[in-house]
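Everything below concerns the one structure shown next.
The values are calculated or read from the model by the stated rules, or taken from the named source; none is laboratory data. Because the structure is a prediction, the values reported are computed rather than measured. Backbone-built Cβ (ideal geometry, glycine too); neighbour counts: all protein chains shown.
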Amino acid sequence: MSSTFSSSNEVFEWLSNFINLERGQKPKSFRIDRMHALTELAGNPQKCAPSIHIAGSKGKGSVTSMISAMLTAAGYRAARYMSPHVTDIRERICLGDSFFDEDIYCAAGGELRAITDERLPAAIKLQPALASLFDSAKADGCEPTFWELLTLLFFLCARQAKCDVMVVETGMGGRLDSTNVLDPLVSVITLIELEHTNFLGNSIAEVAGEKAGIIKKDKPLVLAKQCSEALEVFKNKAQEMNSTLYYIPETLLLSEIKITKTGTEFNIKNNFLRGSVAPCEPLFLPIPGKVQAENAALAITALKIAFPQINEDAIRRGLANLKIPARFENIGKTLPFIIDGAHTPESLDLCVETFCSLYGKDSMLIFGCAADKDAAAMARIAHSHFAKIIITTPGTFKASDPAKVYEAFLQTAGKEKVSLVPDTQEAVKQAQGFSLPILGTGSFYLAAEIREIVVLG
(Lines give C-alpha, C1' and ligand atoms only; values in the text may rest on other atoms or scores of the structure.)
Protein backbone atom coordinates (compact mmCIF):
# COMPACT_ATOMS: atom_id res chain seq x y z
CA MET A 1 0.00 0.00 0.00
CA SER A 2 1.35 3.45 -0.94
CA SER A 3 2.23 5.65 2.02
CA THR A 4 0.53 9.02 2.43
CA PHE A 5 2.08 12.43 1.83
CA SER A 6 2.37 14.99 4.62
CA SER A 7 3.02 18.08 2.46
CA SER A 8 2.75 19.35 -1.09
CA ASN A 9 6.56 19.49 -1.16
CA GLU A 10 6.64 15.73 -0.70
CA VAL A 11 4.15 15.28 -3.54
CA PHE A 12 6.18 17.33 -6.01
CA GLU A 13 9.48 15.78 -4.91
CA TRP A 14 7.99 12.36 -5.63
CA LEU A 15 6.75 13.58 -9.02
CA SER A 16 10.22 14.82 -9.92
CA ASN A 17 11.39 11.19 -10.08
CA PHE A 18 9.48 10.75 -13.31
CA ILE A 19 10.61 11.75 -16.78
CA ASN A 20 10.17 15.50 -17.14
CA LEU A 21 9.05 16.30 -20.66
CA GLU A 22 10.08 19.92 -20.25
CA ARG A 23 13.71 18.88 -19.83
CA GLY A 24 14.36 16.02 -22.23
CA GLN A 25 11.26 15.01 -24.11
CA LYS A 26 11.23 12.93 -27.25
CA PRO A 27 8.50 12.91 -29.90
CA LYS A 28 7.46 9.35 -29.04
CA SER A 29 6.80 10.46 -25.45
CA PHE A 30 3.59 12.16 -26.58
CA ARG A 31 0.87 9.51 -26.36
CA ILE A 32 -2.63 10.79 -25.68
CA ASP A 33 -3.83 7.18 -25.46
CA ARG A 34 -1.57 6.73 -22.43
CA MET A 35 -3.21 9.73 -20.75
CA HIS A 36 -6.64 8.32 -21.51
CA ALA A 37 -5.58 5.07 -19.82
CA LEU A 38 -4.31 6.94 -16.75
CA THR A 39 -7.48 9.00 -16.35
CA GLU A 40 -9.57 5.84 -16.73
CA LEU A 41 -7.62 4.24 -13.88
CA ALA A 42 -8.26 7.40 -11.81
CA GLY A 43 -12.02 7.31 -12.40
CA ASN A 44 -11.93 10.09 -15.02
CA PRO A 45 -11.37 13.10 -12.75
CA GLN A 46 -11.16 15.34 -15.84
CA LYS A 47 -14.96 15.00 -15.94
CA CYS A 48 -15.46 16.21 -12.37
CA ALA A 49 -16.41 19.73 -13.52
CA PRO A 50 -16.99 21.65 -16.75
CA SER A 51 -13.83 23.06 -18.32
CA ILE A 52 -12.38 25.72 -20.61
CA HIS A 53 -9.31 24.63 -22.60
CA ILE A 54 -6.63 27.05 -23.86
CA ALA A 55 -3.81 26.46 -26.38
CA GLY A 56 -1.54 28.71 -28.44
CA SER A 57 2.03 29.93 -28.86
CA LYS A 58 1.81 33.10 -26.77
CA GLY A 59 -0.62 34.63 -24.31
CA LYS A 60 -2.27 31.37 -23.25
CA GLY A 61 -1.11 31.72 -19.64
CA SER A 62 -2.52 35.24 -19.44
CA VAL A 63 -5.83 34.14 -20.96
CA THR A 64 -6.02 31.20 -18.56
CA SER A 65 -5.36 33.47 -15.56
CA MET A 66 -7.89 36.07 -16.73
CA ILE A 67 -10.67 33.52 -17.16
CA SER A 68 -9.91 32.03 -13.77
CA ALA A 69 -9.85 35.48 -12.12
CA MET A 70 -13.23 36.45 -13.59
CA LEU A 71 -14.79 33.14 -12.56
CA THR A 72 -13.43 33.61 -9.03
CA ALA A 73 -14.85 37.13 -8.89
CA ALA A 74 -18.22 35.68 -9.92
CA GLY A 75 -18.12 33.26 -6.97
CA TYR A 76 -17.02 30.08 -8.74
CA ARG A 77 -14.47 27.65 -7.33
CA ALA A 78 -12.22 27.68 -10.38
CA ALA A 79 -9.32 25.23 -10.59
CA ARG A 80 -6.52 26.68 -12.74
CA TYR A 81 -3.79 24.72 -14.53
CA MET A 82 -0.95 26.54 -16.28
CA SER A 83 2.82 26.52 -16.81
CA PRO A 84 5.57 27.26 -16.22
CA HIS A 85 5.72 28.37 -12.62
CA VAL A 86 7.82 31.34 -11.54
CA THR A 87 8.57 30.91 -7.84
CA ASP A 88 6.57 27.89 -6.63
CA ILE A 89 5.51 24.78 -8.54
CA ARG A 90 2.08 25.03 -6.91
CA GLU A 91 1.46 28.03 -9.22
CA ARG A 92 0.72 25.40 -11.87
CA ILE A 93 -2.13 23.86 -9.87
CA CYS A 94 -4.24 26.51 -8.17
CA LEU A 95 -7.68 27.37 -6.88
CA GLY A 96 -8.26 30.74 -8.52
CA ASP A 97 -5.09 32.73 -7.90
CA SER A 98 -4.39 30.93 -4.62
CA PHE A 99 -2.89 27.57 -3.81
CA PHE A 100 -5.12 24.68 -2.84
CA ASP A 101 -5.10 23.75 0.83
CA GLU A 102 -2.22 21.43 1.69
CA ASP A 103 -4.57 18.55 2.45
CA ILE A 104 -5.90 18.73 -1.13
CA TYR A 105 -2.43 18.35 -2.65
CA CYS A 106 -1.64 15.54 -0.22
CA ALA A 107 -4.88 13.63 -0.81
CA ALA A 108 -4.59 14.00 -4.58
CA GLY A 109 -0.93 12.98 -4.42
CA GLY A 110 -1.89 9.88 -2.45
CA GLU A 111 -4.44 8.97 -5.12
CA LEU A 112 -1.86 9.53 -7.82
CA ARG A 113 0.77 7.33 -6.16
CA ALA A 114 -1.78 4.57 -5.65
CA ILE A 115 -2.49 4.71 -9.39
CA THR A 116 1.18 4.44 -10.41
CA ASP A 117 2.24 1.96 -7.72
CA GLU A 118 -0.82 -0.29 -7.47
CA ARG A 119 -3.60 0.21 -10.01
CA LEU A 120 -1.41 0.56 -13.08
CA PRO A 121 0.70 -2.60 -12.48
CA ALA A 122 -2.49 -4.55 -11.69
CA ALA A 123 -4.18 -3.24 -14.83
CA ILE A 124 -1.19 -4.21 -16.99
CA LYS A 125 -1.37 -7.78 -15.66
CA LEU A 126 -5.05 -7.96 -16.57
CA GLN A 127 -4.68 -6.10 -19.88
CA PRO A 128 -1.33 -6.99 -21.50
CA ALA A 129 -2.00 -4.43 -24.27
CA LEU A 130 -1.38 -1.67 -21.71
CA ALA A 131 2.24 -2.77 -21.47
CA SER A 132 2.90 -1.29 -24.91
CA LEU A 133 1.95 2.11 -23.47
CA PHE A 134 3.72 2.00 -20.11
CA ASP A 135 6.65 -0.41 -20.43
CA SER A 136 9.76 1.04 -22.10
CA ALA A 137 10.74 -2.48 -23.19
CA LYS A 138 7.51 -2.83 -25.14
CA ALA A 139 6.94 -1.07 -28.47
CA ASP A 140 6.93 2.73 -27.94
CA GLY A 141 5.95 2.62 -24.31
CA CYS A 142 7.60 4.31 -21.35
CA GLU A 143 6.75 4.95 -17.73
CA PRO A 144 4.20 7.69 -17.10
CA THR A 145 5.83 11.05 -17.74
CA PHE A 146 6.12 13.95 -15.36
CA TRP A 147 3.77 16.06 -17.45
CA GLU A 148 1.10 13.34 -17.63
CA LEU A 149 1.21 12.81 -13.89
CA LEU A 150 1.26 16.53 -13.13
CA THR A 151 -1.83 16.97 -15.31
CA LEU A 152 -3.53 14.04 -13.60
CA LEU A 153 -2.62 15.53 -10.21
CA PHE A 154 -4.40 18.73 -11.24
CA PHE A 155 -7.56 16.82 -12.17
CA LEU A 156 -7.41 14.92 -8.88
CA CYS A 157 -6.97 18.19 -6.92
CA ALA A 158 -9.97 19.71 -8.71
CA ARG A 159 -12.05 16.66 -7.83
CA GLN A 160 -10.83 16.54 -4.21
CA ALA A 161 -11.68 20.25 -3.78
CA LYS A 162 -15.09 19.86 -5.46
CA CYS A 163 -14.36 22.68 -7.89
CA ASP A 164 -17.13 24.19 -10.00
CA VAL A 165 -15.03 24.63 -13.15
CA MET A 166 -11.54 23.94 -14.50
CA VAL A 167 -9.54 26.42 -16.60
CA VAL A 168 -6.79 24.44 -18.30
CA GLU A 169 -3.80 25.54 -20.36
CA THR A 170 -2.05 23.05 -22.64
CA GLY A 171 1.60 22.33 -22.05
CA MET A 172 2.77 22.11 -25.65
CA GLY A 173 0.83 21.69 -28.86
CA GLY A 174 -2.67 20.41 -28.30
CA ARG A 175 -3.58 17.26 -30.21
CA LEU A 176 -1.30 14.99 -28.17
CA ASP A 177 -0.98 17.16 -25.07
CA SER A 178 -1.93 15.38 -21.86
CA THR A 179 -4.64 17.97 -21.14
CA ASN A 180 -6.47 16.95 -24.32
CA VAL A 181 -8.55 14.35 -22.50
CA LEU A 182 -10.96 17.21 -21.75
CA ASP A 183 -14.29 17.78 -23.44
CA PRO A 184 -14.54 21.51 -22.67
CA LEU A 185 -17.45 23.93 -22.83
CA VAL A 186 -15.31 26.07 -25.14
CA SER A 187 -11.79 25.91 -26.59
CA VAL A 188 -9.54 28.97 -26.91
CA ILE A 189 -6.54 29.29 -29.23
CA THR A 190 -4.23 32.27 -28.92
CA LEU A 191 -1.77 33.56 -31.52
CA ILE A 192 0.23 30.86 -33.34
CA GLU A 193 3.94 31.17 -34.08
CA LEU A 194 6.55 28.72 -35.35
CA GLU A 195 7.72 26.97 -32.16
CA HIS A 196 8.80 23.58 -30.84
CA THR A 197 9.45 22.48 -34.42
CA ASN A 198 10.94 19.14 -33.29
CA PHE A 199 7.51 18.18 -32.01
CA LEU A 200 4.91 20.35 -33.71
CA GLY A 201 6.18 20.61 -37.30
CA ASN A 202 8.31 22.90 -39.44
CA SER A 203 5.59 25.17 -40.80
CA ILE A 204 2.89 27.41 -39.39
CA ALA A 205 0.27 25.11 -40.92
CA GLU A 206 1.73 22.07 -39.13
CA VAL A 207 1.96 23.90 -35.78
CA ALA A 208 -1.62 25.16 -36.21
CA GLY A 209 -2.73 21.62 -37.02
CA GLU A 210 -1.37 20.39 -33.68
CA LYS A 211 -2.97 23.27 -31.76
CA ALA A 212 -6.27 22.67 -33.59
CA GLY A 213 -6.39 19.25 -31.96
CA ILE A 214 -8.13 20.78 -28.92
CA ILE A 215 -11.19 21.73 -31.01
CA LYS A 216 -13.98 19.38 -29.98
CA LYS A 217 -17.06 18.13 -31.80
CA ASP A 218 -19.98 20.58 -31.54
CA LYS A 219 -18.11 22.77 -29.03
CA PRO A 220 -17.32 26.44 -29.83
CA LEU A 221 -13.85 27.83 -30.56
CA VAL A 222 -12.63 31.32 -29.64
CA LEU A 223 -9.70 32.21 -31.89
CA ALA A 224 -7.17 35.05 -31.69
CA LYS A 225 -6.01 36.94 -34.77
CA GLN A 226 -3.94 34.62 -36.97
CA CYS A 227 -1.89 34.78 -40.15
CA SER A 228 -3.73 33.49 -43.23
CA GLU A 229 -1.93 30.14 -43.21
CA ALA A 230 -2.94 29.34 -39.62
CA LEU A 231 -6.44 30.79 -40.01
CA GLU A 232 -7.20 28.45 -42.89
CA VAL A 233 -6.21 25.44 -40.77
CA PHE A 234 -8.43 26.53 -37.89
CA LYS A 235 -11.41 27.37 -40.09
CA ASN A 236 -11.20 23.97 -41.78
CA LYS A 237 -10.90 22.12 -38.48
CA ALA A 238 -13.77 24.06 -36.92
CA GLN A 239 -15.95 23.22 -39.90
CA GLU A 240 -14.95 19.55 -39.72
CA MET A 241 -15.85 19.43 -36.01
CA ASN A 242 -19.05 21.47 -36.41
CA SER A 243 -17.51 23.95 -33.99
CA THR A 244 -18.91 27.48 -33.98
CA LEU A 245 -15.97 29.80 -34.62
CA TYR A 246 -15.67 33.13 -32.81
CA TYR A 247 -12.78 34.78 -34.64
CA ILE A 248 -11.86 37.75 -32.47
CA PRO A 249 -11.07 40.26 -35.30
CA GLU A 250 -14.57 39.63 -36.66
CA THR A 251 -16.31 39.33 -33.27
CA LEU A 252 -15.35 42.43 -31.33
CA LEU A 253 -13.77 45.86 -31.46
CA LEU A 254 -11.04 46.94 -29.06
CA SER A 255 -10.69 50.69 -28.75
CA GLU A 256 -9.26 53.51 -26.64
CA ILE A 257 -6.36 51.38 -25.42
CA LYS A 258 -4.32 53.36 -22.91
CA ILE A 259 -1.08 51.89 -21.57
CA THR A 260 0.46 53.27 -18.37
CA LYS A 261 3.12 52.06 -15.96
CA THR A 262 0.41 50.64 -13.72
CA GLY A 263 -1.64 48.81 -16.31
CA THR A 264 -3.87 48.93 -19.39
CA GLU A 265 -7.25 50.57 -19.93
CA PHE A 266 -9.39 49.64 -22.92
CA ASN A 267 -12.90 49.58 -24.25
CA ILE A 268 -14.47 46.52 -25.79
CA LYS A 269 -17.50 46.30 -28.03
CA ASN A 270 -18.50 42.75 -28.70
CA ASN A 271 -21.51 41.86 -30.82
CA PHE A 272 -21.66 38.48 -29.12
CA LEU A 273 -21.73 40.00 -25.66
CA ARG A 274 -24.65 42.23 -26.62
CA GLY A 275 -23.49 45.09 -24.43
CA SER A 276 -22.73 43.07 -21.31
CA VAL A 277 -19.50 45.07 -21.05
CA ALA A 278 -20.45 48.73 -21.38
CA PRO A 279 -18.30 50.44 -24.05
CA CYS A 280 -18.64 53.80 -22.27
CA GLU A 281 -16.68 52.67 -19.21
CA PRO A 282 -13.13 51.34 -19.74
CA LEU A 283 -11.96 48.02 -18.40
CA PHE A 284 -8.66 47.91 -16.51
CA LEU A 285 -5.88 45.33 -16.26
CA PRO A 286 -2.97 45.82 -13.82
CA ILE A 287 -0.54 44.66 -16.54
CA PRO A 288 0.79 47.12 -19.15
CA GLY A 289 0.56 46.18 -22.83
CA LYS A 290 -1.77 46.23 -25.80
CA VAL A 291 -1.35 42.48 -26.10
CA GLN A 292 -2.94 42.07 -22.65
CA ALA A 293 -6.04 43.91 -23.84
CA GLU A 294 -6.16 41.49 -26.76
CA ASN A 295 -5.77 38.56 -24.38
CA ALA A 296 -8.61 39.95 -22.26
CA ALA A 297 -10.84 40.07 -25.34
CA LEU A 298 -10.26 36.34 -25.84
CA ALA A 299 -10.84 35.61 -22.17
CA ILE A 300 -14.06 37.62 -21.90
CA THR A 301 -15.52 36.10 -25.05
CA ALA A 302 -14.73 32.55 -23.93
CA LEU A 303 -16.12 33.24 -20.45
CA LYS A 304 -19.41 34.63 -21.77
CA ILE A 305 -19.84 31.68 -24.13
CA ALA A 306 -19.29 29.16 -21.35
CA PHE A 307 -21.07 31.11 -18.58
CA PRO A 308 -23.39 33.71 -20.13
CA GLN A 309 -24.91 34.46 -16.72
CA ILE A 310 -21.70 36.08 -15.42
CA ASN A 311 -22.23 39.83 -15.24
CA GLU A 312 -20.13 42.87 -16.06
CA ASP A 313 -19.22 43.57 -12.44
CA ALA A 314 -17.53 40.17 -12.04
CA ILE A 315 -15.67 40.68 -15.32
CA ARG A 316 -14.41 44.08 -14.21
CA ARG A 317 -13.41 42.98 -10.73
CA GLY A 318 -11.72 39.82 -11.98
CA LEU A 319 -9.58 41.68 -14.50
CA ALA A 320 -8.77 44.55 -12.14
CA ASN A 321 -7.55 42.14 -9.44
CA LEU A 322 -5.54 39.95 -11.83
CA LYS A 323 -2.22 38.66 -10.50
CA ILE A 324 0.23 37.00 -12.90
CA PRO A 325 3.93 36.90 -12.00
CA ALA A 326 6.47 37.59 -14.75
CA ARG A 327 3.97 39.16 -17.15
CA PHE A 328 5.50 42.62 -17.48
CA GLU A 329 5.94 42.63 -13.72
CA ASN A 330 7.84 45.50 -12.11
CA ILE A 331 10.04 44.10 -9.33
CA GLY A 332 12.24 47.20 -8.99
CA LYS A 333 12.65 48.80 -5.58
CA THR A 334 13.85 52.22 -6.78
CA LEU A 335 14.34 52.14 -10.56
CA PRO A 336 12.00 50.16 -12.85
CA PHE A 337 13.01 46.50 -13.23
CA ILE A 338 10.53 44.73 -15.50
CA ILE A 339 10.51 40.95 -15.97
CA ASP A 340 8.55 39.20 -18.68
CA GLY A 341 8.46 35.73 -20.21
CA ALA A 342 8.58 36.86 -23.87
CA HIS A 343 10.18 33.86 -25.59
CA THR A 344 9.11 34.16 -29.24
CA PRO A 345 9.98 36.88 -31.76
CA GLU A 346 6.50 38.38 -31.82
CA SER A 347 6.05 38.34 -28.04
CA LEU A 348 9.48 39.93 -27.62
CA ASP A 349 8.61 42.60 -30.16
CA LEU A 350 5.46 43.51 -28.24
CA CYS A 351 7.26 43.42 -24.90
CA VAL A 352 10.09 45.68 -26.10
CA GLU A 353 7.62 48.07 -27.73
CA THR A 354 5.66 48.41 -24.48
CA PHE A 355 8.80 48.76 -22.36
CA CYS A 356 10.33 51.48 -24.54
CA SER A 357 7.05 53.40 -24.78
CA LEU A 358 7.01 53.61 -20.97
CA TYR A 359 10.69 53.85 -20.06
CA GLY A 360 12.53 54.95 -23.20
CA LYS A 361 15.61 53.51 -24.92
CA ASP A 362 18.18 54.68 -22.38
CA SER A 363 17.81 51.42 -20.53
CA MET A 364 19.22 47.91 -19.97
CA LEU A 365 18.23 44.53 -21.38
CA ILE A 366 19.07 41.27 -19.62
CA PHE A 367 18.33 38.51 -22.11
CA GLY A 368 18.50 34.74 -22.12
CA CYS A 369 16.59 32.08 -24.02
CA ALA A 370 16.48 28.30 -24.34
CA ALA A 371 18.54 26.55 -26.99
CA ASP A 372 15.52 25.79 -29.16
CA LYS A 373 14.53 29.46 -29.58
CA ASP A 374 15.33 31.72 -32.54
CA ALA A 375 17.94 33.90 -30.85
CA ALA A 376 18.99 35.56 -34.11
CA ALA A 377 15.46 36.75 -34.85
CA MET A 378 15.07 38.09 -31.32
CA ALA A 379 18.45 39.84 -31.54
CA ARG A 380 17.29 41.64 -34.68
CA ILE A 381 14.18 42.82 -32.84
CA ALA A 382 15.78 43.97 -29.59
CA HIS A 383 19.27 45.24 -30.37
CA SER A 384 18.44 48.84 -31.31
CA HIS A 385 16.14 49.56 -28.37
CA PHE A 386 18.59 49.47 -25.46
CA ALA A 387 21.71 51.31 -24.32
CA LYS A 388 23.28 48.12 -22.97
CA ILE A 389 22.48 44.41 -23.38
CA ILE A 390 23.64 41.61 -21.08
CA ILE A 391 23.27 38.02 -22.27
CA THR A 392 22.96 35.44 -19.50
CA THR A 393 21.78 31.91 -18.71
CA PRO A 394 17.99 31.41 -18.52
CA GLY A 395 18.08 29.15 -15.50
CA THR A 396 18.98 25.46 -15.61
CA PHE A 397 15.56 23.96 -16.25
CA LYS A 398 15.97 23.87 -20.04
CA ALA A 399 19.08 23.46 -22.18
CA SER A 400 20.58 26.77 -23.25
CA ASP A 401 23.66 28.12 -25.04
CA PRO A 402 24.35 31.68 -23.82
CA ALA A 403 27.53 31.93 -25.92
CA LYS A 404 25.53 31.26 -29.09
CA VAL A 405 22.91 33.82 -28.08
CA TYR A 406 25.70 36.31 -27.37
CA GLU A 407 27.12 35.78 -30.87
CA ALA A 408 23.68 36.45 -32.38
CA PHE A 409 23.37 39.74 -30.49
CA LEU A 410 26.98 40.62 -31.22
CA GLN A 411 26.32 40.49 -34.94
CA THR A 412 23.47 42.98 -34.68
CA ALA A 413 24.50 45.24 -31.78
CA GLY A 414 28.31 45.09 -31.58
CA LYS A 415 30.81 44.69 -28.73
CA GLU A 416 30.27 48.15 -27.31
CA LYS A 417 26.67 47.40 -26.43
CA VAL A 418 26.57 43.66 -25.72
CA SER A 419 28.27 41.62 -23.01
CA LEU A 420 28.10 37.97 -21.95
CA VAL A 421 27.62 37.29 -18.23
CA PRO A 422 26.59 33.61 -17.85
CA ASP A 423 25.95 33.89 -14.10
CA THR A 424 22.51 35.49 -13.74
CA GLN A 425 23.14 36.91 -10.29
CA GLU A 426 26.22 38.71 -11.59
CA ALA A 427 24.28 39.84 -14.68
CA VAL A 428 21.63 41.42 -12.45
CA LYS A 429 24.30 43.09 -10.31
CA GLN A 430 26.05 44.56 -13.37
CA ALA A 431 22.78 45.77 -14.89
CA GLN A 432 21.72 47.49 -11.67
CA GLY A 433 25.11 49.21 -11.55
CA PHE A 434 24.14 51.37 -14.55
CA SER A 435 21.20 52.92 -12.62
CA LEU A 436 18.92 52.64 -15.66
CA PRO A 437 15.52 51.01 -16.18
CA ILE A 438 15.97 47.25 -16.77
CA LEU A 439 14.02 44.70 -18.80
CA GLY A 440 14.75 41.03 -18.11
CA THR A 441 13.19 38.70 -20.67
CA GLY A 442 13.59 35.94 -23.26
CA SER A 443 12.38 33.08 -21.07
CA PHE A 444 10.02 32.50 -18.16
CA TYR A 445 12.84 30.58 -16.53
CA LEU A 446 15.09 33.64 -16.74
CA ALA A 447 12.29 35.82 -15.36
CA ALA A 448 11.89 33.37 -12.48
CA GLU A 449 15.63 33.40 -11.80
CA ILE A 450 15.76 37.21 -11.80
CA ARG A 451 12.68 37.44 -9.59
CA GLU A 452 14.25 35.17 -7.01
CA ILE A 453 17.46 37.23 -7.02
CA VAL A 454 15.78 40.64 -6.78
CA VAL A 455 12.63 39.95 -4.75
CA LEU A 456 13.66 37.09 -2.51
CA GLY A 457 17.23 38.26 -2.17
Does at least one position in the stretch 347-360 carry a residue that is surrounded by fewer than 19 Cβ atoms within 10 Å (Cβ to Cβ) and over 16 Å from G289 (Cβ atoms)? yes
Restricting attention to the stretch 62-98, which residues are of a type in the set (D, E) and free of Cβ contacts under 8 Å to residues at least 24 places away in the same chain? D88
Tell me which of these T116 doesn't satisfy, since it passes every other one: (1) under 30 Å from Y76 (Cβ atoms); (2) in a helix (DSSP H, G or I); (3) of a type in the set (S, T, Y). (1)
Taking the condition of being β-branched (V, I, T) and within 17 Å of H343 (Cβ to Cβ), how many residues in the stretch 368-424 meet it? 8
Those residues of the stretch 226-261 which are basic (K, R) and buried (at least 16 other Cβ atoms within 10 Å of the Cβ), in sequence order: K235, K237
Is it the case that the stretch 84-92 has a residue that's touching a Phe, Trp or Tyr at 6+ places or on another chain (Cβ under 6 Å) and among the basic types (K, R)? yes
Within the stretch 386-418, how many residues turn out to be charged (D, E, K, R) and either touching a strand residue (DSSP E or B) at 6+ places or on another chain (Cβ under 6 Å) or outside the structural domain of Y359 (by TED's automatic domain parsing) (or both)? 3
In the stretch 156-215, how many residues are at pLDDT below 95, of a type in the set (S, T, Y) and in a loop (DSSP other than H, G, I, E, B)? 1
Going through the stretch 26-60 in order, the residues found to be modelled with pLDDT under 90 and closer than 28 Å to A122 by Cβ are K26, K28, S29, F30, R31
Whichever residue in the stretch 32-56 is under 22 Å from the mean Cα position of the chain (by Cα) and part of a loop (DSSP other than H, G, I, E, B) and, among such residues, is surrounded by the fewest Cβ atoms within 10 Å (Cβ to Cβ): P50
Restricting the search to the stretch 330-347, which residues are at pLDDT 95 or above and outside any loop (DSSP other than H, G, I, E, B)? N330, F337, I338, I339
The stretch 224-258: number of residues that are part of a helix (DSSP H, G or I), more than 23 Å from the chain's Cα centre (by Cα) and at pLDDT below 95: 2
Quick count over the stretch 426-451, residues being out of contact with any Phe, Trp or Tyr (no Cβ under 6 Å at 6 or more places or on another chain) and either basic (K, R) or assigned to a helix (DSSP H, G or I) (or both), is 14
Residues of the stretch 69-90 being buried (at least 20 other Cβ atoms within 10 Å of the Cβ) and not in a loop (DSSP other than H, G, I, E, B), which ones? A69, M70, L71, T72, A73, A78, A79, R80, Y81
Sole exception among (1) out of contact with any strand residue (DSSP E or B) (no Cβ under 8 Å at 6 or more places or on another chain); (2) farther than 28 Å from L182 by Cβ; (3) surrounded by 15 or more Cβ atoms within 10 Å (Cβ to Cβ) for I331, by number: (1)
